[in-house]
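To start, the structure itself, in structure tokens.
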Amino acid sequence: MGMGKGIRLAGHKNTASCTPVQMTAPARVRIPLSLLGANTSTILVKKGDTVAVGQPIASQGQGIGVPMYASVSGTVEGIESLRMPNGSVVDCIVIASDGQQTVWDGIEVPTVTNMEELLSAVRKSGLVGLGGAGFPTWVKLNATVDRLIINGSECEPYCTVDYIAMRDYAADMAEGVRIVKQMLGIEKAIVGVKHPPQGLAEAFQGMEGVEIKQLREYYPVGAEKMLIHETTGRTVPGGKLPKDAGCIVLNVNTAAFIARYLRTGMPLVSKTVSVDGSAVKTPGVVTAPIGTPVGDLFAAVGGFKGEPAKIFAGGPMMGIALPDLDFPLLWNNNGFVALNEKDAAKPATTACIRCGRCVDHCPMNLMAFEISKAYEQRDVEWLRSIRADLCIECGCCAYVCPARRDLVTNNKLAKRFLASQPKKEVSKQ
Amino acid sequence: MKLLSVTPAPHIWAKDDTQSIMRDVLIALAPAFIASIVIFGIDALLVTVVCVAAAVLSEFIFEKAVKRPVTITDLSAVVTGVLLSFCLPYDIPLWIAALGSVIAIVVVKQLFGGIGQNFANPAITARVVLLICGFNGAMTTFSLDGVSTATPLADGAANPGLAVMFLGNHAGSLGETCALALIIGGIYLLVRKVISWHIPVAYIGTVAVVSLIAQQDLSIQLLGGGLLLGAIFMATDYTTSPMTNVGKLIYGVGCGLLTMMVRLWGATPEGVSYAILLMNILTPHIDKLTKHKAFGGEKA
């Protein structure tokens, strides 16, 4: 079966015409040692050390990890633990800023002449997927594929930094595409975009094997599996990765960062994010050091209108609600939304009326109401047979549900439940 | 500062909720409701009011009695009341109309777990129960302007003409006669995306095809009975119809075939209620046969 239809959403791209504001360094940043959980890095600094922007503070560790860098210049205050929204507790390096933003004198511009050098440079840069998932980019690039897909779809409402990157840094993006394409020997690059800003096509002029593809207007057209299908017609088999369909998918900002890093040697120490929502006075776009308290980002665009009742990182469909305003800005964040009391209220859940909207709108063609039922009964075989494991957690089912049931939440729980089960039992004879 | 609310995504929802969907169904039923009063007079209004009141009241009392949350504000009981009244004769004794609502809400809906849990459409099932009880012909004797008249579907009845059937000035259940009003309501539901085209088109299309094959008067088969009311408003009931589009098509065709079987070979002139009720019962099986296959999920 093909793809399902997804949903249409109001864009709320209020910040699309904004120019990013460079924030002054916050008083203090907290830099968590791990984004994805397991942490094997070694802390390279100790309390009282003086650090500068771009100086390594933790090693890349084993596995797929990437090194961490100081995002401000100042003094290391120590190590704190921080509870991440997924419940895990990670160590954070706390740095008190001296306000100078002195650049570390050990910054080196890397030379890249082949794939291996590109991978090690990208790993050293600390780059993780900037579109939101935060998966280490060097791991993604370590694949033999024939299509490089650049994700400029930005289908979450409110989020605009991908559009802004294509508008302001199209040249960086094109250069990033050229380097990755060349080093990995990729035949063709496809830039998937809904609303191409002026100058995007010009940035790629003279480059062979690049196509700018206008995407259809639906959510979640930017989800990896949807985007691959839209741009190449290929289907990523269930449980497999894009590379199994011959594709690497990079966010526009990720591609632009690669070019910038190879030019300057400055690792990933800051992030540009949109700041918006009904509890915000004036929506805006801010560039700030990693680890900046989220509250400072809101203050930088003029603060709140009334009291915020809910704040989430990302867009309203998949965004992660934050516990407080001190939560640090992370590498994979692309925007923050603050909602007022009225918009933050979650409507009451009522009984399923079997309207079928969750079935009708699931881009993966799953049947969310049934996954919920099977999960309530913890029925492993049932959950497997309806492929609960393939849910991409986009939230369409919960969005369209007139009974406001927590469908996507149940899907997530069902996936984790399935993952915790022993592999398929040998069928009884 | 107050604590922030931390809830899982999504943080926004589509406009439609259960209440707004039911409200849309009521809006779609309004033209036929007005037509019923114009055609059959104030008695029709009374039957509808009694059915709705009895439906809402019995839902309220039952839910209070078994200590379930009261759900009358979702308007589904109102819809059931209106639909039941629409398939009754306008001169039915009011206590029978009220009894029908109690059967629909208490027996068919609440005893099976309330909204979304009933295996058959409450209004249709209640009507069938009343039909079987008979009440000395109160359910099957139709009149117009106080004169007992056969419905156009009855054996040997004359075709009242296309215009009459379109506007509804002929004998029949009080909400089924005005084709124009029902079609307007159906278009409204389609535009508001409350229903999809699959069930009504498959249902009405099947009736048309079988009528042509059986050399029946097409206009009477399509407009003279309860087909439009059934195909647009009853067969499309979410709870008792299939989830997927393919399932809806199968279900619609099944409704059409069963309706024509009763009409052509059955002991009664009309078969819409029986057809929908039977297909309601088949819905879980249709759902099972027409499950979606996950995108990229061909091999587990």
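The values are calculated or read from the model by the stated rules, or taken from the named source; none is laboratory data. Owing to the predicted nature of the structure, the values given are computational and were not obtained by experimental measurement. Counting neighbours? That spans all protein chains shown, and the Cβs are built from the backbone with ideal geometry, glycine included. Each accessible area value is taken on the protein alone, full model and side chains, heavy atoms only, with ligands, DNA and RNA left out. Shrake-Rupley method; radii C 1.70, N 1.55, O 1.52, S 1.80 Å.
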Could you tell me which of rounded, prolate or oblate describes segment B:18-288, using a ≥ b ≥ c as the square roots of the eigenvalues of the alpha-carbon gyration tensor, with rounded for a/c under 1.5 and, failing that, prolate when a/b is larger than b/c and oblate otherwise?
oblate
Cα to Cα, under 18 Å, and not fewer than 8 places away if on the same chain: which lysines meet these conditions relative to A:LYS281?
A:LYS13, A:LYS305, A:LYS310, A:LYS342
Return P(r) of segment A:354-429 (all Cα-Cα pairs; 5 Å bins starting at 0; whole %; ordered from short to long distances).
3, 18, 30, 22, 14, 6, 4, 2, 0
Take chain B, mark every one of the chymotrypsin sites (Phe, Trp or Tyr not before Pro) that falls in a DSSP loop and has at most 16 other Cβ within 10 Å, then report the longest stretch left between them, sites excluded.
B:1-118
Can you work out the FRET efficiency for the pair B:ILE132 and B:ALA157, with r the C-beta to C-beta distance and R0 = 25 Å, to the nearest 0.05?
0.60
Solvent exposure of chain A as accessible area per residue, Å², 1.4 Å probe:
41 Å²
Of the beta bridges DSSP finds with both residues in segment A:115-264, what % are antiparallel, to the nearest 5?
5 percent
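Please give the calculated 222 nm ellipticity per residue for chain B, where each DSSP H segment of at least 4 residues contributes -39500 (n - 2.57) and the sum is spread over every residue; nearest 500 deg cm²/dmol?
Numbers: 11 runs with 159 residues, N = 300.
Rounded to the nearest 500, it is -17000 deg cm²/dmol.
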Three-way shape label, the protein assembly as shown, alpha-carbon gyration tensor, a/c 1.5
prolate
In degrees between 0 and 90, to the nearest 10, how far off the longest principal axis of chain A does helix A:252-264 point, with axes built from Cα atoms?
20 degrees
A chain fully extended from A:THR349 to A:THR264 at 0.36 nm per residue, minus the present Cα-Cα distance, gains in nm 25.4 nm
Of all C-alpha pairs within segment A:115-264, those more than 26 angstrom apart amount in percent to 15 percent
What is the average number of partner chain Cβ atoms found within 10 Å of a Cβ in B:113-119?
3
For chain A, give me every cysteine whose Cβ has no other Cys Cβ within less than 4.7 Å, ordered by residue number.
A:CYS18, A:CYS92, A:CYS155, A:CYS159, A:CYS247, A:CYS352, A:CYS355, A:CYS362, A:CYS391, A:CYS394, A:CYS396, A:CYS401
Name the residues of segment B:129-149 whose amide N is less than 19 Å from a point 7 angstrom out from the Cα of B:VAL107 along the C-beta direction?
B:129-140
Taking the alpha-carbon set of segment A:1-82, what are its Rg and Dmax in Å?
19.1, 59
Report the label-to-label distance for A:ASP244 and A:SER59 in nanometres (one decimal), using points 7 Å from each Cα along the Cα→Cβ vector.
3.4 nm
Quick check: pseudo-label points 7 Å beyond the Cα along Cα→Cβ at B:ASP145 and A:THR113, how many nm apart are they?
10.2 nm
Accessible area of segment B:115-248 divided out per residue, in Å², using a probe of 1.4 angstrom:
39 Å²
Of the heavy-atom accessible surface of the protein assembly as shown (probe 1.4 angstrom), what whole percent is carbon and sulfur?
59 percent
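Estimate the FRET efficiency between A:LYS5 and A:ALA27 by the formula 1/(1 + (r/R0)^6), using the beta-carbon distance for r and 60 Å for R0, to the nearest 0.05.
Working: r = 48 Å, r/R0 = 0.80.
With R0 = 60 Å, the Cβ-Cβ based efficiency is 0.80.
For chain B, list the DSSP H helices whose alpha carbon atoms reach 27 Å or more along the long axis and whose average Kyte-Doolittle value is -0.5 or above?
On the way: long enough: B:18-40 (32 Å, 1.64); B:42-65 (34 Å, 1.77); B:245-265 (30 Å, 1.06).
In chain B, the long hydrophobic H runs are B:18-40, B:42-65, B:245-265.
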Accessible area, probe 1.4 Å, largest first, for residues B:LYS67, A:LYS225:
B:LYS67, A:LYS225
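As a check on your grasp of the helix formula, calculate [θ] at 222 nm for chain A: sum -39500 (n - 2.57) over DSSP H runs of n ≥ 4, divide by the residue count, round to the nearest 500.
Calculated at 222 nm, the ellipticity per residue is -7000 deg cm²/dmol.
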What is the antiparallel percent of DSSP beta bridges lying wholly in the protein assembly as shown, to the nearest 5?
65 percent
Between the residues A:VAL180, A:ASN142, A:ILE57, the Cα farthest towards the positive end of the dipole of chain A, that dipole coming from +1 and -1 charges on the beta-carbon of Lys, Arg, Asp and Glu, is from A:ASN142
Give me the accessible area buried between chains B and A, both sides summed, with a 1.4 Å probe, in Å² rounded to the nearest 100.
4400 Å²
What number, in percent, do you get for the relative contact order of chain A if the mean sequence gap of Cα pairs under 8 Å and at least 6 apart is divided by its residue count?
18 percent
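B:THR7 to B:PHE166: extension gain in nm, 0.36 nm per residue of separation minus the Cα-Cα distance? Provide the component values of the computation, followed by the final result.
Numbers: separation 159, 0.36 × 159 = 57.24 nm, distance 5.22 nm.
Working it through step by step, the gained length comes to 52.0 nm.
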DSSP-defined antiparallel bridges as percent of all bridges, segment A:83-201, nearest 5:
25 percent
Those lysines that a straight Cα-Cα span of less than 26 Å connects to A:LYS47, excepting residues fewer than 8 apart in one chain
A:LYS124, A:LYS271
Alpha-carbon centroids, segment A:96-157 and segment A:328-386: separation in whole Å
31 Å
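Relative contact order of segment A:241-374: what whole-number percent is it, with Cα pairs under 8 angstrom and at least 6 residues apart? Intermediate values should be presented prior to the final figure.
Numbers: 180 pairs, mean separation 28.5, N = 134.
The value is 21 percent.
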Using label points projected 7 Å from each Cα along Cα→Cβ, tell me how many nm separate B:VAL191 and B:THR268, to one decimal.
3.4 nm
Shape of chain A, Cα gyration tensor, a/c cut at 1.5
rounded
